[in-house]
1. Mean-square fluctuation check for chain A, GNM, Cα pairs under 10 Å: which of A:202, A:125, A:288 is largest?
2. Run the numbers on chain B and let me know its relative contact order in percent, using alpha-carbon pairs under 8 Å that are six or more apart.
3. How many nanometers, to one decimal and shortest first, lie between the label point of residue A:358 and those of its other copies, if labels sit 7 Å from Cα toward Cβ?
4. Using the Kirkwood formula on the Cα atoms of the protein assembly as shown, what hydrodynamic radius do you get, in angstrom to one decimal?
5. Give me B:15, B:54, B:259 ranked fewest to most by other Cβ atoms within 10 Å of their Cβ, as a rough exposure proxy.
6. Going toward the positive end of the dipole of chain A, with +1 on Lys and Arg Cβ and -1 on Asp and Glu Cβ, which of A:135, A:383, A:229 do you reach last?
7. So if each residue of separation counts as 0.36 nm, and I subtract the Cα-Cα distance between residue B:77 and residue B:300, what length gain in nm does that give?
8. Could you pull the copy-to-copy label distances for residue B:176, with points set 7 Å along Cα to Cβ, in nm to one decimal and sorted shortest first?
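What follows draws every value from the coordinates through simple rules; no lab data is involved. Keep in mind that this is a model prediction, so the values were computed, not measured. Note: ideal-geometry Cβ built from the backbone for every residue, glycine included; neighbour counts use all protein chains shown.
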Protein chains: 2
Amino acid sequence: MSGDSSASVGVTLVSGGTITSPLGFAAGGVFIGLKTRGEDKLDLALLVSDALCSVGGVFTTSAIRSATVDLDRERVARGRARALIVNAGIANTCVGAQGYKDAEEMTRLAADALGVAAEDVLVCSTGVIGVELPMSLIRSGVSEIAPDDDGGNQLARAMMTTDTHPKETAVSFTASTGQTITIGGVAKGSGMIHPNMATMLSFAATDAAVDAGFLQTTVKAVADETYNMLTVDGDSSTNDTFLAFANGRAGNPVIDERSPDAAAFRAALHRVCTDLTRMLARDGEGASRLITVQVDGARSDADARKAAKTIAGSNLVKSAVYGADPNWGRLMMALGRSGAEAVEERVDLFVNGVCIMEAGTPIPFHRDAVVAMMSGEQVDFRVSLNLADGAATAFGCDLTEQYVIINSAYTT
Amino acid sequence: MSGDSSASVGVTLVSGGTITSPLGFAAGGVFIGLKTRGEDKLDLALLVSDALCSVGGVFTTSAIRSATVDLDRERVARGRARALIVNAGIANTCVGAQGYKDAEEMTRLAADALGVAAEDVLVCSTGVIGVELPMSLIRSGVSEIAPDDDGGNQLARAMMTTDTHPKETAVSFTASTGQTITIGGVAKGSGMIHPNMATMLSFAATDAAVDAGFLQTTVKAVADETYNMLTVDGDSSTNDTFLAFANGRAGNPVIDERSPDAAAFRAALHRVCTDLTRMLARDGEGASRLITVQVDGARSDADARKAAKTIAGSNLVKSAVYGADPNWGRLMMALGRSGAEAVEERVDLFVNGVCIMEAGTPIPFHRDAVVAMMSGEQVDFRVSLNLADGAATAFGCDLTEQYVIINSAYTT
């Protein structure tokens, strides 16, 4: 059984939270001209911890990927890092051998500016594919960045491409040994929804002391239930990356899988990533509504994930949601082709809590009321398969004419 | 290596060909009120052979499927059939146990009208899900149908839902023993593109004598390279069915896998299904352009199929084609996430024959010329992976605002 159990373990939202809400993290950004200048734009940023961090990360599985992914994967495997440099506007992808050289140089530039070791710096890029980074701009830009502990929002803005607003949050909980532990998170893009071949990037920072192996396991598990359950248009990127840094400044005993705080830490990170996932889905290209698809009663969690993602990703379901149409036939179609075990005579369907099909038979519902509910900002589907206790939730958005207009008008 | 080798084995197009072009097949249709009456509409049809046929078939793999699929699968497993009854307007899906009873009764009604055995009749339905068939209309309608050997076009029209025109063709070739062998084919819908939860249905009829086992193997292989390579919106239906009937009226020696005519028969069926697949893609909802994606040099044919289908099915690629935008970054992104082995430094990309990327590096191309080529009725992508000799071709269509409008405006 998956799901958000953050409330039950005392996880609370930090007001105005950013990635620099936890102790010991600083960030800052500048505009160096990688993206078209707009009001208040930034496109290059640094994140740094005042102590070495344990680190975990997950990356795109695409066979065509940015050099930054290869470099970060190598460094994350060592389990430690201290800083991050990120740019928006150019993805550093499909540029041949120059890509890895430029990614490495970016980490050296950040290391020199911050006074840390280059091998402890990670790097992410997002933006246009097939264009080399203008390294001279980056060389001069890095030294202009002045990270401080209120700088989280600058980093959130500097990683945006066609995002309409920055996406950031933070939560805290009290460790069993009394310390307050804070986790901040930031994200941009969502899958391949963005016309500049943009990317889903997300970073989390915490002042908890966390064992690197446990952090990696937790990052992977949480990503599978949040970012990997987000579908905007079925496309995924060459640069997708989620990194988590834990610097231990809260002074708690190191959290590992046997720690009494393991569940709370996992729930807190889950909450951060769930909230960011919802923000990403809501900001999907051309989207007018957030869609959530909760599947329960599946033969397994894996089956539930398949069913939920297939329904949330169906163009026909997404179009129906745009039209506020409780078109249950499309849900059944998508369920049927998902590969998840389903027995028609057992399926119950709900739209925003209203049952519209029970045991495989459509039941009369007050159509106008359901249409009215579906006309809001969020449409929640629940599909009960009534086979076993596998469960999962997927996130998506509706498909609108605006999506097509944005993505057909864009020019490489 | 897959592909169309029909030209090399002397397969020729039959002018004005339909499913009743081969000897011994008759068809006819009537309008009984299952779909909204329009000018010249038909919605119930029969196909019958004057001799028992060997038969092959492939069906939707969806877990939620029409009762007709279950019934046909049982009967096709026997390897023989003689007639088919098909209706449009109502899918006979998600109606509980009544669905199978109604499907069975439809075959009995057809059998009585045609004077054949009920177990030799197959049945297909397409249209709205969750509505029971009005059997009284079907009972009286079947007896009004007068199949004749010019009736192929009536069947093609009677199976249409939101198709804008009937889709039918026929080809012939000369057997090694001198007989002329004809294969006629008909299709409707394409995947789940149609708002009424409509279906991809296709039927082929031939006067060749064909071994039932060989026919089944050939139907499966050809469908994998044609209909199963067609993607309009990634959705697939509860009712998808492709059936082939072979009545032996041409008088040729029975074709099996060791027959000297095996390759020609396969090529001829491949040609019929390829032509119908192109017609289906071109008639995709809201589509303005046909897209073909040819992948060669893949590690295996299976890898090539994955890559071609993923590219043809990508909303971002489809939107770019609508905008006549040679956005190669999106092709690389879709290739990368397809699961096919790809090495960036080896990939060549072509748009309508013009190379736009060589060995993973974008090359200068005359942009205006490529945009002009992409503004036509068909856009052909070729992706050479230069790894081995796996090849495949996928078919699709562009994504337009009209698709969204059609599918959000439709009401269950």
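1. Among A:202, A:125, A:288, the largest GNM mean-square fluctuation belongs to A:288.
2. About 19 percent, as a whole number.
3. Going from nearest to farthest copy, the values are 6.8 nm.
4. About 28.2 Å, per the Kirkwood formula over Cα pairs.
5. With the fewest neighbours first, B:15, B:54, B:259 line up as B:15, B:259, B:54.
6. Positive-end residue among those listed: A:135.
7. Working: separation 223, 0.36 × 223 = 80.28 nm, distance 3.03 nm.
Using 0.36 nm per residue and subtracting the Cα-Cα distance, I get 77.3 nm.
8. 7.8
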